[in-house]
1. Can you give the accessible area of Asp94, probe radius 1.4 Å, in Å² rounded to 10?
2. Restricting attention to the stretch 42-127, which trypsin sites (Lys or Arg not before Pro) occupy a DSSP loop and are surrounded by at most 15 other Cβ atoms within 10 Å?
3. Would you mind giving the three semi-axes, in whole Å and largest first, of the ellipsoid equivalent to the stretch 77-134 according to its Cα gyration tensor?
4. How compact is the stretch 151-217 by the rule of thumb for globular proteins, expressed as Cα Rg over 2.2 N^0.38 Å?
5. Within the stretch 133-190, report the trypsin sites (Lys or Arg not before Pro) that DSSP leaves as loop and that have at most 15 other Cβ atoms within 10 Å.
6. For the stretch 81-226, what does the convex hull of the Cα positions come to per residue, in cubic angstrom?
7. Using only the alpha-carbon atoms, what does the stretch 47-88 span along each of its principal axes? Please give whole angstrom values in decreasing order.
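The values are calculated or read from the model by the stated rules, or taken from the named source; none is laboratory data. The shown structure was predicted, so the numbers you read here are calculated from the model rather than taken from an experiment. Please note: Cβ atoms are built from the backbone with ideal geometry, for glycine as well, and neighbour counts cover all protein chains shown. Surface accessibility is based on the protein's heavy atoms, side chains included, excluding ligands, DNA and RNA. Shrake-Rupley method; radii C 1.70, N 1.55, O 1.52, S 1.80 Å.
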Amino acid sequence: LIFSLCLSCTRDVVEVRAWGLDAHRNIARVASEQSGQLLCSRWSAALSNEQTIARLRQLVTEPDEIRLQVERPRHFNNADDPHRDRDVPIWSADYERGVVSWALYNHTMLVQEYLEPFCNSLSPTTSDETVLAFVLNHTETLLRSLAYVCHYTGDSCQPLHATRNYDGQLTGNRGIHSVFESRLVSRYEQDLFPLIALRQARVLSDPFAVTETSVYSGLEQVHLILEADDRARVVDPQRGDAYYASLFESLRPLLLARLTRSVQTTVDVWATALVRAGCCSPDELPVVDVDEIDSQGSGDSSWTASLGAVLGFAALAGSLGAVLGAGFAVMAMQARRSRNRYSSRFLDAPHFEQLIDEVVNLEEDAVELDSVELEEIHRPEAGG
């Protein structure tokens with residue numbers, strides 16, 4: 001089975017990054033720092049340790065640095081162009097509609113898998129130092145997946161990652177994506193992150209469904225961002241200081257709510273993995289269903305959609321080939337695994353590491369594409 005994979009895409013990166021690199025790092029920092037008061041005690045100390053925070057801040061931006069076409073849909077979900085099926089092969093139109101909820105769920109399961117053997121060996125006398133040493137000695141597996149959970153959670157909470165109109169290109173607001181998630185947040189960072197206050201961490205009965213509620217509630221807020229951009233451009237058409245002041249005045253409550261949601265959901269998903277892996281007692285943290293989120297406080301008042309079924313992660317790998325058509329070149333990979341799709345299974349650590357090695361080898365062996373002008377990859381319409 002051959003599927004297209006652009007290894008050196010020239011597509012605008014606004015579709016891949018959510019919140020900007022600095023914002024992702026700050027979300028990881030606040031989640032780690034505040035987890036010291038919100039998780040079960042033994043793991044609170046490990047996750048809020050300065051060394052842990054430094055490594056999470058470094059790893060949390062990695063997904064934005066993966067310049068592969070197969071990675072791009074893992075950062076968004078076009079809620080205004082819904083999936084036809086929850087079983088999403090990577091070669092399908094549904095995959096191109098975005099799979100951020102699947103990506104988050106996959107890494108939640110990986111965190112749980114990495115933790116289970118260690119947590120099963122814990123005794124009441126195991127010291128906090130032993131737990132911290134375990135966390136810091138597993139940067140390539142456990143910490144990386146904890147960071148990826150944080151990254152994809154942030155992506156799911158960014159409203160412009162929930163719509164086909166991701167950069168305002170359909171409504172005359174082109175450029176709003178990077179303005180909203182990166183420049184605006186960076187300008188007013190000190191007016192936002194110090195105000196984030198979290199409640200006690202909770203165990204989510206369905207992390208996938210909670211992620212979907214973030215996506216759909218974000219979609220409902222897209223028009224507020226576009227309207228604020230329209231008003232601010234009347235004040236300052238060149239998008240200078242006056243523009244940003246006007247935009248922040250309009251969007252400050254929304255920004256703070258979505259950033260708080262990003263941090264809170266990250267901590268909740270970490271707590272969920274810890275409890276499911278047997279690292280924390282279920283008695284220490286409450287368990288909630290997605291329908292209970294609103295009544296218990298979410299940091300955002302518009303959680304709207306509830307989806308069930310959790311789906312796992314694609315096992316993919318391949319042999320490189322060149323596919324030419326319609327005047328442009330793309331790279332192709334032959335799938336070698338029996339389940340090249342999102343399903344109820346996910347990659348365990350050895351397979352995940354083998355996949356990364358294969359991708360690296362493909363990139364090293366790929367023909368030079370810098371001189372080849374690639375057309376923008378078309379995002380299919382509903383039913384395409």
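1. Probe radius 1.4 Å; accessible area of Asp94 about 10 Å².
2. Arg67, Arg84
3. 39, 10, 8
4. Rg over 2.2 N^0.38 Å, computed on Cα atoms: 1.33.
5. Details: sites: Arg144, Arg164, Arg174, Arg183, Arg187; in loops: Arg164, Arg174.
When the trypsin sites (Lys or Arg not before Pro) of the stretch 133-190 are filtered for loop state and at most 15 Cβ neighbours within 10 Å, Arg174 remain.
6. Each residue corresponds to 172 Å³ of Cα convex hull volume.
7. So the three principal-axis extents are 44, 23, 18 Å.
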